[in-house]
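Undergrad: For reference, the structure I am asking about is given below.
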Amino acid sequence: MLNDIQASSPASGSVASARRPVLRLEKLSKTFGGTRALREVALEIAPGEIHALVGQNGCGKSTLIKTLAGYHQADPGALAWLGRRAVRSLARDRRPPRPASLRPPGPRSS
């Protein structure tokens, strides 16, 4: 079965590298106080690719995803593209509202 998967995947080279990335990041950093959680992350994802974030606790996996989703603000200087369109900035002036699933529980009404 593994041979079938490998045989059906595109060969690395001109076919795979000719596709324009759907997401491209450069110089993405995130600092919390004096702790640098992300340091100049660069990432490029082409159409059809599957990626996984793997690493030890505290290495920045969740911070990267939350920054891409807009939950955290990136430090100034980050560059991002969605397809051919440059994203204005990942370092926003204000923090977006938290999704309901990430809000801390409030007082319960009786």
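Undergrad: Criterion first (exposed (fewer than 14 other Cβ atoms within 10 Å of the Cβ) and at pLDDT 90 or above) does Pro96 satisfy it?
TA: no
Undergrad: Which residues, counting only those in the stretch 38-77, are of a type in the set (A, V, I, L, M, F, W, C), part of a loop (DSSP other than H, G, I, E, B) and within 12 Å of the chain's Cα centre (by Cα)?
TA: Hits for the stretch 38-77 are Ala52, Leu53, Ala74.
Undergrad: Looking only at residues in the stretch 21-58 that are acidic (Asp, Glu) and either surrounded by 15 or more Cβ atoms within 10 Å (Cβ to Cβ) or touching a residue at least 12 places away in the same chain (Cβ under 8 Å) (or both), which one is farthest from Arg85 (Cα to Cα)?
TA: Out of the qualifying residues, it is Glu40.
The values are calculated or read from the model by the stated rules, or taken from the named source; none is laboratory data. Since this is a predicted model, take the numbers as computed values, not measurements. Backbone-built Cβ (ideal geometry, glycine too); neighbour counts: all protein chains shown.
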